[in-house]
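Scroll down for the structure; my scribbles are underneath it.
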Amino acid sequence: MDESDLDKLLATVELKRFTETSITDPAALKERLRDIREKGYSITIGEVDAEAMGIAAPVFTSTGDVVAALSVVLIRSRVSPNAVDEIVSAVVETARTLSEQAVLLES
C-alpha cells in the first residue's frame, strides 16, 4: 500500500487502545510500518493483550504483492529473550518458503 492509500485508510479508522502499548497515533503507526518494511518482519509486545507477543512476516506473490502473513503469538512470560531471535528467524524463513510456494502456484 502506498503512502497516499495508507493516509486515506487511516483517515477513516479509529486506532483503539487495548493496552498501554497499543499504537493509537497514525504517525506512530506509519513509522512502525516503515520499520516493518525495512526489517521484513514485525514483533509486537503487549499491544493487544498485555501478556502476548506476536511475531509476523509477509508472504509475497511473484510481483511482490503481499497476499498473506505468517504469524505466531506467544505468551511473553513463557518465552526466553534468547529464543526471540530464533523464533523470528523461523517465522521469516517459513514465510519466505511460503512465498516461493505461492510463486509456484501462480505458474
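Brief remarks follow.
- Taking (1) surrounded by fewer than 16 Cβ atoms within 10 Å (Cβ to Cβ); (2) more than 27 Å from SER4 (Cβ to Cβ); (3) modelled with pLDDT of 90 or more in turn, LEU104 satisfies each apart from (3).
- Any hit, segment 84-101, residues being under 23 Å from PHE18 (Cβ atoms), small (Gly, Ala, Ser) and assigned to a helix (DSSP H, G or I): no
- Selection of first residues in segment 24-39 that are of a type in the set (A, V, I, L, M, F, W, C) and of second residues that are surrounded by 11 or more Cβ atoms within 10 Å (Cβ to Cβ) and in a helix (DSSP H, G or I), restricted to Cβ pairs under 8 Å at least 6 apart or on distinct chains, gives the following pairs, ordered by first then second residue: LEU29/LEU10; LEU33/LEU6.
- Qualifying residue in segment 12-33 (condition: more than 18 Å from the chain's Cα centre (by Cα) and among the hydrophobic types (A, V, I, L, M, F, W, C)): yes
- Segment 3-31, residues that are under 21 Å from GLY46 (Cα atoms) and in contact with a Lys or Arg (Cβ under 8 Å, 6 or more places away or on another chain): SER22, ILE23, THR24
- Residue that is farthest from LEU33 (Cα to Cα), among those in segment 7-22 that are of a type in the set (A, V, I, L, M, F, W, C) and surrounded by 10 or more Cβ atoms within 10 Å (Cβ to Cβ): PHE18
- Filtered residues of segment 44-73 (kept if outside any strand (DSSP E or B) and more than 24 Å from THR24 (Cβ to Cβ)): THR61, SER62, THR63, GLY64, ASP65
- Restricting GLY54, GLY64, GLY46 to residues that are surrounded by 14 or more Cβ atoms within 10 Å (Cβ to Cβ), within 30 Å of VAL103 (Cβ to Cβ), without any contact (Cβ under 8 Å) to a residue 40 or more places away in the chain and among the small types (Gly, Ala, Ser) narrows the list to GLY54.
Residue-by-condition table, conditions (1) surrounded by 14 or more Cβ atoms within 10 Å (Cβ to Cβ); (2) at pLDDT 95 or above:
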site	(1), (2)
PHE60	yes, no
LEU74	yes, yes
SER80	no, no
THR94	yes, yes
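Residue-wise test of (1) of a type in the set (Ser, Thr, Tyr); (2) touching a strand residue (DSSP E or B) at 6+ places or on another chain (Cβ under 9 Å).
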position: THR44; (1), (2): yes, yes
position: ALA50; (1), (2): no, no
position: ALA56; (1), (2): no, yes
position: SER62; (1), (2): yes, no
position: VAL66; (1), (2): no, yes
position: VAL73; (1), (2): no, yes
position: ILE87; (1), (2): no, yes
position: VAL92; (1), (2): no, yes
position: ALA102; (1), (2): no, yes
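The values are calculated or read from the model by the stated rules, or taken from the named source; none is laboratory data. All figures in this text were calculated on a predicted structure; none of them were measured in a lab. Cβ: placed from backbone, ideal geometry, glycine included. Neighbour counts: every protein chain shown.
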